[in-house]
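Structure, as structure tokens:
The values are calculated or read from the model by the stated rules, or taken from the named source; none is laboratory data. Because the structure is predicted, anything quoted here is derived from the model rather than measured. Cβ placement follows ideal geometry from the backbone for every residue including glycine, while neighbour counts extend to all protein chains displayed. SASA here: full protein model, heavy atoms, side chains in, ligands and nucleic acids out. Shrake-Rupley method; radii C 1.70, N 1.55, O 1.52, S 1.80 Å.
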Amino acid sequence: MARIIAGVGCSHVPAIGAALDNGKTEEPYWKRVFSGFVPSKQWMAETKPDVCIVVYNDHASAFSMDIVPTFALGCADEYPPADEGWGPRPVPVVKGHPGLAAHIAQSVILDEFDLTVVNKMEVDHGLTVPMNLLFGQPNPWPCPVIPLAVNVVLYPPPTGKRCFNLGKAIRKAVESYPEDLRVVIFGTGGMSHQISGQRAGLINSKFDKAFLDGLVENPKKLARKPHLEYMREAGAEGIEMVMWLIMRGALDEEVKEKYRFYTVPASNTAVGHIIMENPRAMKKKPGKKTAQKTQERLAAE
Ligand SMILES: [Fe+2]
């Protein structure tokens, strides 16, 4: 049986990707940001998940504003990096896990969450920047990824409560998949920021830190937070934080906080990051067959 072993919350600031791609990680401004992810990369290297589910939002890269699905699940074999205006990021093609993705689609849709199934898609910084922050810059990426794109760019985005409950449905789906896979789920975006309008540059550290506390201690209460509160307190783009609630909904009620990092600013955004483990699922070691299968799949690719 597959199981979700941990959740990762992580900002996906595009300038972090540009700093990586242009070799600026040692510059003092960026070193402050990247040094906060050194323990995270260590954790990920030790954790070695078989699959990651990455909840993120597309920034008009794969989907134009002609079609904006609320929840879009990637069921493809692979996802090339998108060209966001400066050419595609120099990161490896993201390999998918179509078997588990199709299973999640079936389970979640039959559970009455109407996902859009995506069989061909490019992925932008929303997905690849958190991958770099947790995995570094390997080639290829060390495990397959299932992208879940959430609309937070066009009103109305889904509510926090809907996101939290979708996370629960994803967990149920993962736990009914017969292969013994250890899955890490990412919630990305945020934290507080606003990129245009009179309040451009807004950052609200107090709100962000309370959000991180709430994720660990009282996610049900956090899930009731209305859109207007995100907009007012965390800026127009702070609404991206509802995606973290999908990740949190997929975890145990009681989680073990392993690591947290917060710094401002990176570009015009607050950077927040948290790692929470499901203690029981984390303890169980992967079966030999699963480890071997993962190796064989990566070798074949
Ligand atoms: Fe974003």
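Tabulated results
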item: Count of segment 205-222 residues which are surrounded by 17 or more Cβ atoms within 10 Å (Cβ to Cβ) and in contact with a Ser or Thr (Cβ under 8 Å, 6 or more places away or on another chain); result: 2
item: Out of 202, 133, 228, sole residue that is open to solvent by 10 Å² or more (accessible area, probe 1.4 Å) and within 16 Å of the ligand (Cβ to nearest atom); result: 202
item: Qualifying positions in segment 195-216 - part of a loop (DSSP other than H, G, I, E, B) and touching a residue at least 60 places away in the same chain (Cβ under 8 Å); result: 195, 200, 201, 203, 204
item: Qualifying residue in segment 5-12 (condition: over 18 Å from residue 247 (Cα atoms) and in contact (Cβ under 8 Å) with a residue 24 or more places away in the chain); result: no
item: Check on residue 190, more than 16 Å from the ligand (Cβ to nearest atom) and under 28 Å from residue 16 (Cα atoms); result: no
item: Which listed residue, of 14, 39, 69, is under 16 Å from the mean Cα position of the chain (by Cα) and either away from the ligand (no atom under 16 Å from the Cβ) or not small (Gly, Ala, Ser) (or both); result: 14
item: Hey, residue 248 closer than 25 Å to residue 234 by Cα, modelled with pLDDT of 95 or more and assigned to a helix (DSSP H, G or I) or not; result: yes
item: Condition met for residue 72 (at pLDDT 95 or above, crowded, with 16+ Cβ neighbours inside 10 Å and assigned to a strand (DSSP E or B)); result: yes
item: Single residue of segment 139-154 satisfying the filter (in a loop (DSSP other than H, G, I, E, B) and within 16 Å of the ligand (Cβ to nearest atom)) that is surrounded by the fewest Cβ atoms within 10 Å (Cβ to Cβ); result: 154
item: Residue in segment 84-102 that is among the small types (Gly, Ala, Ser), more than 16 Å from the ligand (Cβ to nearest atom) and closer than 18 Å to residue 135 by Cβ present; result: yes
item: Residue count, segment 240-265 (criterion: closer than 26 Å to residue 5 by Cα, within 16 Å of the ligand (Cβ to nearest atom) and either among the hydrophobic types (A, V, I, L, M, F, W, C) or open to solvent by 30 Å² or more (accessible area, probe 1.4 Å) (or both)); result: 7
item: Of the criteria (1) in contact with a Lys or Arg (Cβ under 9 Å, 6 or more places away or on another chain); (2) within 15 Å of the ligand (Cβ to nearest atom); (3) open to solvent by 10 Å² or more (accessible area, probe 1.4 Å), which one residue 161 fails; result: (2)
item: Criterion violated by residue 39 - all others in (1) of a type outside the set (A, V, I, L, M); (2) more than 30 Å from residue 119 (Cβ to Cβ); (3) touching a Cys at 6+ places or on another chain (Cβ under 8 Å) satisfied; result: (3)
item: Candidates 209, 225, filtered to the one that is more than 28 Å from residue 135 (Cα to Cα) and modelled with pLDDT of 95 or more; result: 225
item: Extreme residue, most open to solvent (accessible area, probe 1.4 Å), among residues of segment 103-124 that are under 23 Å from residue 68 (Cβ atoms) and part of a helix (DSSP H, G or I); result: 109
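So that you can scan it fast, the table gives a plain yes or no per residue for (1) in a strand (DSSP E or B); (2) more than 14 Å from residue 52 (Cα to Cα); (3) among the charged types (D, E, K, R):
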| position | (1), (2), (3) |
| --- | --- |
| 126 | no, yes, no |
| 137 | no, yes, no |
| 156 | no, yes, no |
| 168 | no, yes, yes |
| 171 | no, no, yes |
| 179 | no, yes, yes |
